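Values in this text are rule-based calculations from the coordinates and carry no lab data. Given the structure is predicted, the values throughout are model-derived calculations rather than measurements. Cβ placement follows ideal geometry from the backbone for every residue including glycine, while neighbour counts extend to all protein chains displayed.
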Amino acid sequence: MKTAMTLTAQDIEIAVARHFGYRENLVVPNVANGWCLRHEADMIVLRPSGLCDEVEIKVTRSDIRADAKKPYGHWENRRVARVWFAVPDTLASCPEIPAAAGILSVMRVTPDLGVYGVLTWREWRPGDTHWRGRVTVVRPAKLRPKADRMPVTDAQRLRLAELGAMRIWDLKLALARSAQRRHEC
């Protein structure tokens, strides 16, 4: 049974997108079809430099174990320069996370006005109404050697942006349907 403190995959996804800076980088969730991956990447981060990171979001230890059993690896596509595993802070030391992958630890924090009225962040506690995900790099991802990397072409960059734009409309449709169901009740 999940407690109020359990981070969901969506919570982690939002925190990681903020961490990588979705205003500076092209950050697209759930990428597979349309970008020539043989597996679904939970998130692709394409930097202006052309370096591409893949982020795998795992919420349980069994998710991490199941990932190791997939037939296609995260390092298979040469466009991916780095692979990260984003996990709740309680899983950041999990030994099943591949050694070449970076580890991003995500924790809920809540705003707190310090002694002098300065906004700080403290660990979230049950009963807190507002929170945000804080991402800490526990282990940096190993960068694929330059000779083994394949640059992302302009056409591939555009296709990734198209996939990201399509996600927005799917989300808007889901939000509209959810609002309509609430209104009908």
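Karplus-derived 3J(HN,Hα) values for the stretch 66-74, using 6.51 cos²θ - 1.76 cosθ + 1.60 with θ = phi - 60°, are 5, 4, 5, 8, 5, x, 10, x, 6 Hz; glycine and proline are entered as x. The simple spin-label model puts a point 7 Å past each Cα toward its Cβ; for residue 183 and residue 147 those points are separated by 6.2 nm. Rounding to the nearest 10 and keeping the result within 0 to 90°, find how far the Cα-based axis of helix 9-20 lies from the longest principal axis of the chain. Rounded to the nearest ten degrees, it is 70. Largest GNM mean-square fluctuation among 120, 90, 60, using the chain with Cα springs under 10 Å: 120. Look at where the Cα atoms of the stretch 17-92 and of the stretch 129-154 average out, and the two centres are 8 Å apart. With an 8 Å cut-off on Cα pairs and a minimum separation of 6 or more residues, tell me the relative contact order of the stretch 9-184 in percent. It rounds to 20 percent for the stretch 9-184. Applying the criteria of a DSSP loop state and at most 12 other Cβ atoms within 10 Å to the chymotrypsin sites (Phe, Trp or Tyr not before Pro) of the stretch 55-90 yields 72. Listed values for the stretch 51-64 are Karplus-derived 3J(HN,Hα) couplings in whole Hz (6.51 cos²θ - 1.76 cosθ + 1.60, θ = phi - 60°), namely 6, 10, 10, 10, 10, 9, 9, 10, 10, 9, 5, 5, 4, 5, and x replaces Gly and Pro. At 4 °C and 1.567 mPa s, what whole-number value in µm²/s does Stokes-Einstein give for the translational diffusion of the stretch 9-184, with Rh from the Kirkwood sum over Cα pairs? In µm²/s, the coefficient rounds to 73.
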